[in-house]
Structure formats: C-alpha cells, structure tokens
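Below: one structure, written as structure tokens.
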Amino acid sequence: MMSDDHRSHPFRDSHQDVEAAHRIPDTAQTRAPAYRLAFTDSDFMCREELRPVRLQLELLKPQMVMDERGIASTIVLMGSARIPAPEARDDGGPDHPLARHYDEARKLARLMTEKSAASYGRENVIVTGGGPGIMEAGNRGAHEAGGQSIGLNIVLPHEQAPNAWVSPDLCFNFHYFAIRKMHFLMRARAICIFPGGFGTLDEMFESLTLIQTGRMRRVPFLLFGRDFWDSVINWQALVDAGTVSAADLALFRYVETAEEAVAIIDAAEPA
C-alpha cells in the first residue's frame, strides 16, 4: 500500500504533523476551522473551488495503488447489475432471460485469471464496476481461480456496496463517473460488454468513441450475446444514415461464450 518510505527529502513527514495536531491544547483558536491542516479538513476539501484538486486525487489514488501492486494490464468486464447469480435463481421462479451471461462472465474471468498466473497476477487482471450482477460474476470468477481482481465502485444516491468477491486492496470508490471510466480503460487489453442498461451503454459508447477517434489504441472489443445487441441497437441504420462508416462496425465483434472471447483475446497482439 502507499507509503512515504521512499522519501529522499529532509522535511518533516505530514503524518507526524497530523499526529501532533491532535495533541495541541484545546482552545478557541485551535477549535476554529481555519486552524485545521488543509489536507485533513474535509469541509475545506469539499468546497466547490476544490473540485480540480478532488479530480486529481481521484485520478491519482487508484493509479498509485495499482502501480504499486504491479497491475500492468486488465480485462474489462461491463454489464448489468440486474442479472442474478445462480443461487438467486434457485427459488423456483422463472429464470432470468439473460441469466446465462452471468455464467459466461464468471467463466471468462476464471479462465483469464488462470492465464494471468503466468505473470504473477500482473497481466490481464479482471476489472469490473465492483457491484452486483455481471460485475459480481467477473470478480467472483477471478476469486475462484485464486487470483486478484479490481472493483471500481461509485457512490450512488441509493445504497451501494462492493460485491464480496473484489480483492479488498483493489476495491476503489469514486465520486466522478468520468475519472472512474478513465480507470476502466487506462490499462485495458480487452473490453468485454455484456447485456446491460443505461450505464453499460454509456460505458460501451464512450469506449467505442475513444477507439474510433484514435484517442485510445484498438483492443479486442467483444459484445456478448448478438441477439440482445441486435435487438437494442440498429448498427446498420447508423451506417445507412451516414453517421458512422461501415468500417466502424469492425471495431467490435460478437461472441456468445467465454471460450470464444479468450481465443480472440489470446490471438490479439499485446500492447
């Protein structure tokens, strides 16, 4: 985890001053908000004017932690939070129409994590949004393979908690959707999109746009479940309308199984 042990300068450690500030006399002056150390003052840090600083911190913290853990590349899994796990389906009720995708996401994560062991868990690490559904399936498959996985959670208006399968020291929480999406893609060696709703569509189209416009290198971009995607998006209509080119439709491929996805990822040139 992050530390200041590498410091080469002679200045006093900020942790020491935080501790010293707790031992000062209790007076009207020391109780005043103005006296608090700026970087420990949550009221100050949450001020409107400090948004640029918060954006930078939210970019830096996961970056530094993942660098220290040696995470070199990731396999991104995106998809619905509403597709249930097998145990949630064993209640005698009707099966969820997209249930098989939970199983395929779990299998894909397991297979890729087993391969990741050759790099001591540094290459092709599974990263998800850290929540339930497809996200849980990805973290779960990695855990079952004995490997680590990343969860990029975000604070939502309703109760939100990480799923139980995310590696605890790679479980992050975000305020800014934009910074979270950057961390999804910064190390991506492949992007795997399972059926989902508004959030999944947002993440999918932003990722495709970055690749289409040359702002991100091309990586395997896999859409699980052609029937679902063809029913949701009329890709050819975009070509016919002239809003995308026919060549843009080659930026992604359809797959149905984890094994298909693994074969495509393995065949792709490493970065």
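The values are calculated or read from the model by the stated rules, or taken from the named source; none is laboratory data. Keep in mind that this is a model prediction, so the values were computed, not measured. Please note: Cβ atoms are built from the backbone with ideal geometry, for glycine as well, and neighbour counts cover all protein chains shown.
Points worth noting:
- When residues in region 208-219 are screened for being under 17 Å from Ser73 (Cα atoms) and either within 17 Å of the chain's Cα centre (by Cα) or without any contact (Cβ under 8 Å) to a residue 40 or more places away in the chain (or both), 3 of them pass.
- Test: Pro132 is outside any strand (DSSP E or B), under 29 Å from Ile179 (Cα atoms) and out of contact with any strand residue (DSSP E or B) (no Cβ under 8 Å at 6 or more places or on another chain): yes
- Breaking point among (1) modelled with pLDDT of 95 or more; (2) farther than 20 Å from Arg110 by Cβ, for Ala161: (1)
- The residues of region 220-247 that are part of a helix (DSSP H, G or I) and either in contact (Cβ under 8 Å) with a residue 40 or more places away in the chain or of a type in the set (Lys, Arg) (or both), listed by number, are Arg226, Phe228.
- Test: residue in region 160-174 that is in contact with a helix residue (DSSP H, G or I) (Cβ under 8 Å, 6 or more places away or on another chain), closer than 23 Å to Leu208 by Cα and not in a loop (DSSP other than H, G, I, E, B): yes
- On inspection, Gly121 does not qualify as at positive phi and surrounded by 24 or more Cβ atoms within 10 Å (Cβ to Cβ).
- Condition check for Leu152: touching a strand residue (DSSP E or B) at 6+ places or on another chain (Cβ under 7 Å) and aliphatic (A, V, I, L, M): yes
- Residue check for Glu68: of a type in the set (Asp, Glu), surrounded by 10 or more Cβ atoms within 10 Å (Cβ to Cβ) and either over 22 Å from Arg180 (Cβ atoms) or modelled with pLDDT of 95 or more (or both): yes
- Residues of region 146-157 satisfying the condition of being in contact (Cβ under 8 Å) with a residue 24 or more places away in the chain and either surrounded by fewer than 20 Cβ atoms within 10 Å (Cβ to Cβ) or farther than 10 Å from Ser116 by Cβ (or both): Gly146, Ile150, Gly151, Leu152, Asn153, Ile154
- Selected residue [touching a residue at least 40 places away in the same chain (Cβ under 8 Å) and of a type in the set (Phe, Trp, Tyr)] from Phe174, Phe205, Phe198: Phe174
- The set of residues in region 26-79 being under 30 Å from Ile193 (Cβ atoms), hydrophobic (A, V, I, L, M, F, W, C) and assigned to a helix (DSSP H, G or I) consists of Leu55, Leu57, Leu59, Leu60, Met64, Val65, Met66.
- Breaking point among (1) surrounded by fewer than 20 Cβ atoms within 10 Å (Cβ to Cβ); (2) within 22 Å of Gly199 (Cα to Cα); (3) more than 13 Å from the chain's Cα centre (by Cα); (4) not small (Gly, Ala, Ser), for Tyr102: (1)
- Annotation note: of Asp95, Asp103, Asp43, the sole residue that is on the phi < 0 side of the Ramachandran plot and at pLDDT below 95 is Asp95.
- Test: residue in region 185-196 that is exposed (fewer than 12 other Cβ atoms within 10 Å of the Cβ), farther than 18 Å from Met112 by Cβ and out of contact with any Leu (no Cβ under 6 Å at 6 or more places or on another chain): no
- Filter result for Ala190 (under 17 Å from the mean Cα position of the chain (by Cα), under 30 Å from Arg54 (Cα atoms), part of a helix (DSSP H, G or I) and of a type in the set (A, V, I, L, M, F, W, C)): no
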